1. Per DSSP H run of at least 4 residues, take -39500 (n - 2.57); add these up for the chain, divide by its residues and hand me the 222 nm value, nearest 500 deg cm²/dmol.
2. What's the ranking of 15-23, 67-75, 89-97 by average number of surrounding C-beta atoms within 10 Å, highest first?
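We did not get these values from a lab; they are worked out from the coordinates using the rules stated. Keep in mind that what you see is a predicted model, and the values were worked out from it rather than measured. Because the Cβ atoms are built from the backbone with ideal geometry, glycine has one as well, and the counts that use them run over all protein chains shown.
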């Protein structure tokens, strides 16, 4: 079977991406039918996580009330304590470095900001 890089437009976000020869070979090696994907990697992850974004806590200081998330694409997203729902006990959930989280992003006056940040346990 011959493979070649293919330029594809994501049906979710409209971005163009390359369906690489390597990705095609990996599908074939796993015994999957090699089909051109409809969604880019980011949109595929959103579907996997129920429409929310996934990332890991880079750092978060409960004392300062803010920190950063590293999204699955490696970008930093600011998070303020106001964007984190409180636990049943009325406290912020622990968000240690490396903790997987799901979240949404809004545009604040200072740029993108994570909201509805919740620990992800898989």
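1. One gets -4000 deg cm²/dmol as the mean residue ellipticity at 222 nm.
2. Highest mean packing first, the order is 67-75, 15-23, 89-97.
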